[in-house]
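The values are calculated or read from the model by the stated rules, or taken from the named source; none is laboratory data. Since the structure is predicted, the reported quantities are computational estimates derived from the model, not experimental observations. When we count neighbours, we look across all protein chains shown, and the Cβ atoms used for this are built from the backbone with ideal geometry, even at glycine. When the accessible area is computed, the model is the full protein with side chains, heavy atoms only, and any ligands, DNA or RNA have been set aside. Shrake-Rupley method; radii C 1.70, N 1.55, O 1.52, S 1.80 Å.
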Amino acid sequence: MLSEILDHRLVFVSGKGGVGKTTTAMLLALFAAKKKKRTLIVEMNSSGLIAPLFNTSSNGQEEISLAPYISGINLSPNKCFEEYVLKRLHFKALYQAFFNNKFVSNFLDAIPGLNDILMLGKIYDLERQYKNKLMAQRTYDLVIVDAPATGHGLSTLEVPRVLRSAVKIGPLNSHATDILNMLADKKKTIFCLVTLAEEMPVNESREYINALKERTNLNFGPLFVNAVMPEIKSLSRSIPSTESGINTIKNYHNLAVERAKLNQIYIKKINEFFPDFKKIVLPFQFNEIRDYRGLIPLLHLLTEGSS
Amino acid sequence: MNTLNPDHHRETRVLLVCGSGGVGKTTIAAAMGLKMSLAGYKTIVLTIDPAKRLADSLGIKSLSDEPEKITLPENNGGEMWAMMLDTKRTFDRIIEKYASSAETRNKIINNKLYQHMSQMLAGTQEYMAMERLYEIYKQNTFDVMIVDTPPVQNARDFLSAPQRMMNMINNSMLHLLLKPSLSLGKSGLKFLERGSQQILKAFDRITGFAFLQEMSEMIVAFKDLLGGFETRASEVNSLLKLDTTHFVIVCTTNANSIMETQDFFKQISDQGFNLKKIIINRVYEGNVLSPEKIKSCRDELVGQFSPAEADLLIDNYRLFVPMIKKDKRQITSITNSVGNDYVSTIPLFLSDVHDIKTLKMVADVMGWLDS
Ligand SMILES: Nc1ncnc2c1ncn2[C@@H]1O[C@H](COP(=O)(O)OP(=O)(O)OP(=O)(O)O)[C@@H](O)[C@H]1O
Ligand SMILES: Nc1ncnc2c1ncn2[C@@H]1O[C@H](COP(=O)(O)OP(=O)(O)OP(=O)(O)O)[C@@H](O)[C@H]1O
Ligand SMILES: [Mg+2]
Ligand SMILES: [Mg+2]
């Protein structure tokens, strides 16, 4: 199932806040690297969480090497803006007049969706970037985008479409059009949603997918159902409450049983709600994921499942 | 002193519940509302995007944008009300209210950018939440108001919302530069000073003139609302700084949630807002048992279960130990940096929280709210 994702050049990983987008994006990158694909993980205006997970750090918006075959970049809207402007303003004087004006920054702050469209534009460039001047080989075989959380307001992926309908002509319009073509290119681009098997994330994913399906024509890949509690046998009889040690053990038994049950209920719902999606279940990891090594058990699981 | 006792001096009138996405803001706001109403207060919860099952079981119809009364399981003289915030509607209503003429109003409402994107304007949702809060606050019909907020990537987005809104309208270059020139189209450029001309030219290449025109039209029309906005934003700001307005930050023990919370905490104290609590949600509670203790527990369990079942129980507990340890570590780290009084935890429950019964469970672990 994961190989289906690797057949593309650009993967967007999206979902509600805190469901495991960054984790899934990392997992995909590790998987691709195993297959010797030169992979770039893109964070969009985050506080730069991925580099530390590879025990490195990054400063500013630059492509850095994280592991064999894996690079990373954390996009900053300001930097994307600067690049975008420099590309279009060839006169230094013009450029300076522009950036040295304090009113300009207030104005830019106010343009709705500008940050999103600029960062998507940078992703457009990164995907097409060549390794060297010979232009024979792209820098990356695969670009994985750890997209911003969905929910509450318009999502990043919808910005280009809305912007294009609001502004009918001009550079922003053509910029938006380029990005829309990139997003709609089913050979190139695939969208993976991550959810938890719980009430809120499942409902939000449903609304999100329905909205996107209605308004766009995106290529959806498998749905990742993350942090699913493994099922555990229930006991022949209940545990009497005695002292604190036994109570703790009992509480965790109940927690495991009930959370697993809850997850299974929502997995059923997920199957009902998304009949035409492949689902990839990622089990809950009991060991804290401190860095990429914490993902190795999940990686093994996926590698077995895919061979 | 029981600060919640209506007979006493009322310490908290407004509680703002903030935090990053999915951490439990809506749940905790509703649970606090329930707790305060059961304590005898007339309480309202202003909520954003509650889980459908929670909204259904509370009986809040979506998008009504008006307070609705919730039936409580017991009656102590308090009342619980809830209202779902609809930012687009609040925005439209503000425009109705502050526009000096029907012409301005129509200009804004018909502006393409406004139609498509008013919800995307920086800080709008946050601003609108506060706007509605203020409206209801002024009506003075509730003892306590609890405000659920949209998720923010960082605290600045939330706390600076009124200011950013003002900046956009007030300080933006547009009404200084563009109003006369844009109405003349591109040819208007030659009447401008050189510097301004250059900036406009730059904009033409970057965003295009058409976009600029839409944008300036919207902002110029907004300028008409400025008087209203300005007064209101400063009123909202002073409401947020009252002694009786308190912030609650919700987070989980995940590394980045803790990081954001520390940043939020700093912002709140730096800007002179009052923090009530940092609530760490979904905590794996309980003790880390020593190997000897585990062994004695196993011996005791073997008396009641088969050895296989006893092992199942022990092994399961052992699986969770890293989570319990991690949570203890994170709670200690945040407590060390903000102080014991400001931290409280809520365990991960066996189920989701989406009806009065489960909300009551959450309310019951928030003892700090009634002392
Ligand atoms: N399968 C899993 N088992 C256990 N813990 C997990 C699992 N997947 C993710 N986590 C943990 O859950 C937390 C949130 O995951 P992650 O950061 O990937 O979510 P996210 O969707 O990127 O969040 P945000 O919306 O804040 O960017 C992290 O601490 C991560 O280590
Ligand atoms: N302590 C808890 N134990 C178990 N489930 C919980 C707990 N707290 C919250 N939940 C569940 O987590 C889900 C998300 O909670 P909630 O909607 O309150 O988050 P939120 O911060 O408001 O999210 P958003 O940022 O999307 O508005 C809900 O389904 C809720 O039932
Ligand atoms: Mg993330
Ligand atoms: Mg919420």
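Data overview
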read-out	value
Answer from B:Asp327, B:Asp364, B:Asp311, B:Asp352 - the residue that is within 26 Å of A:Met229 (Cβ to Cβ), more than 10 Å from chain A (Cβ to nearest Cβ), surrounded by 13 or more Cβ atoms within 10 Å (Cβ to Cβ) and among the acidic types (Asp, Glu)	B:Asp311
Some residue of the stretch A:187-203 being more than 16 Å from ligand 1 (Cβ to nearest atom), within 27 Å of A:Leu301 (Cα to Cα), open to solvent by 40 Å² or more (accessible area, probe 1.4 Å) and at pLDDT 85 or above	yes
Selection status of A:Val159, assigned to a helix (DSSP H, G or I) and within 30 Å of B:Gln213 (Cα to Cα)	yes
Residues within the stretch A:125-134 that are over 23 Å from A:His175 (Cα atoms) and either among the charged types (D, E, K, R) or at pLDDT below 85 (or both), tallied	3
Verdict on A:Met182 being at pLDDT below 85, away from chain B (no Cβ under 14 Å) and more than 16 Å from ligand 3 (Cβ to nearest atom)	no
Helices (runs of 4 or more DSSP H) enclosed by the stretch A:10-124 - at least 3 residues per element that are away from ligand 1 (no atom under 16 Å from the Cβ) and at pLDDT below 95	A:77-88, A:92-99, A:102-110
From the options A:Leu262, A:Leu218, A:Leu235, A:Leu223, residue that is more than 7 Å from every other protein chain (Cβ to nearest Cβ), aliphatic (A, V, I, L, M) and either out of contact with any strand residue (DSSP E or B) (no Cβ under 8 Å at 6 or more places or on another chain) or outside any loop (DSSP other than H, G, I, E, B) (or both)	A:Leu223
Residue match in the stretch A:54-70 (condition: of a type in the set (S, T, N, Q), within 14 Å of chain B (Cβ to nearest Cβ) and within 16 Å of ligand 3 (Cβ to nearest atom))	no
The lone exception for B:Asn287 - which of (1) within 21 Å of A:Ala227 (Cβ to Cβ); (2) not in a helix (DSSP H, G or I) it fails	(1)
Search result, residues across the stretch A:44-86 that are touching a Phe, Trp or Tyr at 6+ places or on another chain (Cβ under 8 Å) and closer than 22 Å to A:Gly17 by Cβ	A:Leu53, A:Gly72
Of all residues in the stretch B:238-252 being open to solvent by less than 10 Å² (accessible area, probe 1.4 Å) and within 14 Å of chain A (Cβ to nearest Cβ), the one that is farthest from ligand 2 (Cβ to nearest atom)	B:Cys251
Selection from the stretch B:221-263 of residues that are within 16 Å of ligand 4 (Cβ to nearest atom) and part of a helix (DSSP H, G or I)	B:Ser257, B:Glu260
Out of A:Ala176, A:Ala211, sole residue that is hydrophobic (A, V, I, L, M, F, W, C) and surrounded by 17 or more Cβ atoms within 10 Å (Cβ to Cβ)	A:Ala176
